[in-house]
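Note sheet for the following structure.
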Amino acid sequence: MSIDATIEFIAALFMLGGAMMAFISAIGIIRLPDVFTRSHAGTKSSTLAVLLTLMGAFIYFAANQGFYSVRLLLGIAFVFLTAPVAGHVIIRAAYRANVKMADTTVEDELKDVMDKVREEAKKERSESGEVIIEDEKVSDKEHS
Amino acid sequence: MIQGMLTAALVLYGISICISVFRIIIGPSLPDRIVALDMVGVMLVSSIAIVSVMLTTTAFLEVILILAILAFISTIAFSKYIERGTILEYRRDD
């Protein structure tokens, strides 16, 4: 086995590992009870999966054709930057839209803080005599 | 050997995409579906990388970048829609 064949084998191993991570992530997204736990499966492990796979493709092209693809590296950097942001934003929207949590949820520490902030904002508004628009009702509506 | 491993990886990605599509169909709330949709986009990116390795061509590598950007933008747009009900806001802070 020459050195290039060995490196190609390692690259294929990377890609297979990435596919296994994606499969584990898919199991998580079908088995976990509510949207907050599902996002854990959907963002963390799929980020690792795409990272391993693109790294494997980069190593393969480097060993097989001597082609160091900047586009693959850019893709890795982009996914690594954006996947946590996307996961955070979508779960923030889900919490604000009052998506129901699983029955096994023990504690929701953010709820008290949100209630307090909302109450203070309401008091401030009534002191300054501002008209309350329908905005809060829309955000309280549960999306189903 | 390497071809077999790549085929196995592609099959695993196919199964994972099918499971995520199932979650998109049955998902009880809108954010569930969007999390699954984001995952489908990310998995498409990596399966296209595997396809381009199997065909030993570098022509598909642009597709990776475009798909990653599209998946990110669509997730952000959907989450803005959930939070506010509108995607582009016209209200000004007077």
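Coordinate-derived values only; no laboratory data. Please read all numbers here as calculations on a predicted model, not as lab measurements. Backbone-built Cβ (ideal geometry, glycine too); neighbour counts: all protein chains shown.
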**Asked** Assigning unit charges at the beta carbon (Lys, Arg +1; Asp, Glu -1) and nothing else, what dipole magnitude in debye, to the nearest 20, does region B:2-84 show about its Cα centre?
**Response** 140
**Asked** In chain B, which longest range has no trypsin sites (Lys or Arg not before Pro) that are both DSSP loop (not H, G, I, E or B) and surrounded by at most 12 other Cβ atoms within 10 Å?
**Response** B:1-90
**Prompt:** So what is the calculated 222 nm ellipticity per residue for the protein assembly as shown, using -39500 (n - 2.57) for each DSSP H run with n of 4 or more, over all residues, to the nearest 500 deg cm²/dmol?
**Reply:** -26000 deg cm²/dmol
**Message:** Name the residue from B:Leu44, A:Pro84, A:Leu48 whose Cα lies farthest towards the positive end of the charge dipole of the protein assembly as shown, charges +1 on Cβ of Lys and Arg and -1 on Cβ of Asp and Glu.
**Reply:** B:Leu44
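If you count, for every residue in A:65-77, the Cβ atoms of partner chains within 10 Å of its Cβ, what is the mean?
3
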**Request:** May I ask you to sort B:Leu12, B:Leu70 by Cβ crowding, counting other Cβ atoms within 10 Å and putting the fewest first?
**Result:** B:Leu70, B:Leu12
**Request:** Would you mind calculating the gained length between A:Ile10 and A:Arg31 on full extension (0.36 nm times residue separation, minus the Cα-Cα distance), in nm to one decimal?
**Result:** 4.4 nm
**Item:** Exposure proxy ranking, count of Cβ atoms within 10 Å, fewest first, for B:Ile69, B:Ile26, A:Ile3, B:Ile64
**Value:** A:Ile3, B:Ile26, B:Ile69, B:Ile64
**Item:** Shielding by partners - mean other protein chain Cβ count within 10 Å, residues of B:71-83
**Value:** 5
**Request:** Ignore the peptide's own chain and count Cβ atoms of other chains within 10 Å of each Cβ in A:81-93; give me the average, rounded.
**Result:** 6
**Fill in**
Length-normalised contact order of region B:2-84, Cα under 8 Å, at least 6 apart, in percent, tallies to 28
**Asked** Can you give the convex hull volume per residue for the Cα atoms of chain A, as a whole number of Å³?
**Response** 148
**Request:** Note down the relative contact order for chain A as a percent, whole number, built from C-alpha pairs under 8 angstrom at least six residues apart.
**Result:** 24
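Using per-residue counts of other Cβ atoms within 10 Å, averaged over each peptide, order A:119-128, A:93-102, A:7-16 from highest down.
A:7-16, A:93-102, A:119-128
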